[in-house]
Amino acid sequence: MPARKPPSQSKSNCIFCDLVQGSAEVSMCYEDDVALAFMDIQPVNPGHVLVIPRDHYETLQDIPRAVGWHLFQVTTRLIPVIQKIAGAEDMNLIVNSGPAAGQNVFHYHIHLIPRTKGDGFDVPLPFPGSEMPNRHLLDAMAVRIGSALRMDPTRETPASGVRVVNPADRMAATVTVAAPKAKAGAKPKAPPKKR
């Protein structure tokens with residue numbers, strides 16, 4: 001992996017750390033022991049909120065899994081409230097992680113951007129200049145990513161029921177769901193009869 005360009009900010013001069021410590025103005029809409037959510041001072045649309053961790057992590061790659069999961073839970077809790085208050089039809093969640101991705105405040109944050117039809121903001125995906133690659137190229141990249149996941153000794157064990165799949169195996173499911181556990185003393189149900 002190529003070395004990342006060093007960020008332009010450190011914890012000591014991070015505006016979001018200043019907000020966490022109460023030494024800068026902020027319009028807070030949510031806070032707990034791990035996360036804060038506040039109004040973006042350069043909003044795309046009314047109701048544009050940023051969700052950040054209290055602790056200083058620069059990019060997505062730096063976030064501990066438990067913190068990342070909590071930030072996502074806060075985000076999903078805020079979405080319907082922001083949509084209702086802002087009168088928005090839809091929502092963009094955007095993370096710019098690193099300089100090449102457009103990050104300009106190096107304290108990890110999630111943008112919650114309420115959207116209405118014709119609001120003038122656009123995240124054009126698929127990218128207009130991209131062409132659909134050959135399926136073999138897509139499969140080869142998927143195999144490389146899956147193999148790297150299986151071989152990475154630093155990764156945490158995947159959640160129960162989730163497995164990495166070889167994309168060449170078109171019949172394999174990407175998620176295996178365990179059958180619900182029966183209540184104590186309950187008789188197991190017979191499988192449905194095939195017609």
Checklist outcome for this item: Considering region 35-71, residues that are without any contact (Cβ under 8 Å) to a residue 40 or more places away in the chain and among the β-branched types (V, I, T), and then whichever is nearest to I85 (Cα to Cα), we arrive at I41
Checklist entry - Which residues, counting only those in region 80-108, are more than 16 Å from L50 (Cα to Cα) and surrounded by fewer than 13 Cβ atoms within 10 Å (Cβ to Cβ)? => result K84, G87, E89, D90, A100, A101
Checklist entry - Restricting attention to region 131-158, and to residues there that are over 21 Å from D62 (Cβ atoms) and not in a helix (DSSP H, G or I), which single residue is modelled with the highest pLDDT? => result N134
Item to check | Failed item, numbered, when F106 is tested on (1) assigned to a loop (DSSP other than H, G, I, E, B); (2) aromatic (F, W, Y); (3) farther than 30 Å from R144 by Cβ | outcome: (3)
Checklist entry - What number of residues within region 109-130 satisfy the criterion of being in a loop (DSSP other than H, G, I, E, B) and β-branched (V, I, T)? => result 2
Checklist entry - Could you list, in sequence order, the residues of region 80-91 that are under 15 Å from V44 (Cβ atoms) and free of Cβ contacts under 8 Å to residues at least 40 places away in the same chain? => result I82, Q83, G87, E89, D90, M91
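The rows are residues; the columns are (1) farther than 22 Å from F72 by Cα; (2) at pLDDT below 95; (3) not polar (S, T, N, Q).
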position: R4; (1), (2), (3): yes, yes, yes
position: P7; (1), (2), (3): yes, yes, yes
position: N13; (1), (2), (3): yes, yes, no
position: F16; (1), (2), (3): no, no, yes
position: G22; (1), (2), (3): yes, yes, yes
position: C29; (1), (2), (3): no, no, yes
position: L36; (1), (2), (3): no, no, yes
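The values are calculated or read from the model by the stated rules, or taken from the named source; none is laboratory data. Because the structure is predicted, anything quoted here is derived from the model rather than measured. Methodologically, a virtual Cβ is constructed for each residue, glycine included, from the backbone with ideal geometry; neighbour enumeration extends over all protein chains shown.
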